[in-house]
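The values are calculated or read from the model by the stated rules, or taken from the named source; none is laboratory data. Since the model is a prediction, treat every value here as computed from it, not as a measurement. Positions of Cβ are generated from backbone atoms using ideal geometry, with glycine treated the same way; all protein chains shown enter the neighbour counts. These accessible areas exclude ligands, DNA and RNA; they are computed on the full protein's heavy atoms, side chains included. Shrake-Rupley method; radii C 1.70, N 1.55, O 1.52, S 1.80 Å.
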Amino acid sequence: MERRLPLTQCKGFFLSLAVCWQQTPLLYDPKWTFKMRSPKGRSADEAALHTSSLYDRYRVSRRFQVARFARHDEDCYMKFLEWIWSRLKKPIPQSERLQSQGISEIGDKIEKFIDERLGGQNVPNDLDALLRATANDPGFEKSVNNPLKEIGAEILWADGKYPLLDHDYLNEVDRADPDIMANVKAMQDTDKKLKFVVQCEDTSLIGYWQQDADTRLDQCALFWLDTEGQYYLTEGRTLSEAFTYRALVDDDKNTFRSLRAAFERLGVSIRETDESQIFADMDARAAELGETPENFRNERYEYYKSLS
């Protein structure tokens, strides 16, 4: 039986062979960067290896740039590495290649979502569970195991189009109206503090109201933005509670049970409660809020209106 090296060892093995072959010194520094200097003293570009907890959680690929060499040196390196790889590589079944490609694409999608929607901040636990499940299974979003599918909701991916964020519903007449555009600008300012993460079936949005950039997202109140442009506090303290408790308030017990079971399969527990407790908790949270998205939007609206 042909003996094969593990893939992770092979990559390091190839680089070491190439370096030794050219007698090129390899200098490491403590910041996960490396520099190569050719035998003739030509300096190569520094290549930085990006490491992140995103890789461990969501299988986001580490990115790196290969150091550049003079053209003849680069050709020699590539030919040598290709020859070694052709000797040792093991063919990957097509099904595995497609799955690997799908996971890689999802990893990029999640990375963009965290950067653009959350500003690169720590992800709250229940949202984290949704992202993990999506990363591990390219078909999760459309499966019955996805609690968001139960209510026709979807994660607010960075490359998607969403009416209440993009305001692409405006026509030329609307854009010529100073009052409408003052309100749109005010909402855009509010969006910078309200980290939207999910769009519901009716295109309404839900997000974390982060008044202070130093406040962790899991400590921020969640707010709905409805299709009329109104903001209001969610029925639960967490994203998962907001969806399940909304079903309870709407007297949709079947949806409540389905959502609760779906979240629990992801390792997210939902507290037992009833309608009176939900409203009492909402009142308590509202009293602690201070400024709300509605207040902030109204102030910005008056400001923009005064400029016209």
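Once you sort the root eigenvalues of the Cα gyration tensor of region 155-308 as a ≥ b ≥ c, which label holds: rounded (a/c under 1.5), prolate (a/b larger than b/c) or oblate (the other case)? The shape class here is prolate.
Given a cut-off of under 8 Å on Cα pairs at least six residues apart, what relative contact order in percent is computed for region 226-287? Don't skip to the end; give the middle numbers.
Values: 44 pairs, mean separation 20.0, N = 62.
Taking the mean separation of contacting Cα pairs over the length of region 226-287, I get 32 percent.
Annotation note: chymotrypsin sites (Phe, Trp or Tyr not before Pro) in region 148-226 located in DSSP loop regions with a Cβ neighbour count of at most 13 within 10 Å are Y169.
Which of the GluC sites (Glu not before Pro) found in region 205-307 are loop residues per DSSP with 15 or fewer other Cβ atoms within 10 Å of their Cβ? Kindly include the intermediate steps, with their values, before the conclusion.
Details: sites: E228, E235, E241, E264, E272, E275, E288, E291, E294, E299, E302; in loops: E228, E235, E272, E291.
Here the GluC sites (Glu not before Pro) that fit, given the DSSP loop and packing criteria, are E228, E272, E291.
For S204, the accessible area of its heavy atoms, probed at 1.4 Å with every protein chain present, is near 10 square angstrom.
Test of the criteria: in region 175-267, which trypsin sites (Lys or Arg not before Pro) are in a DSSP loop and have at most 14 other Cβ atoms within 10 angstrom of their Cβ? Sparse-neighbourhood loop trypsin sites (Lys or Arg not before Pro): K192, R216.
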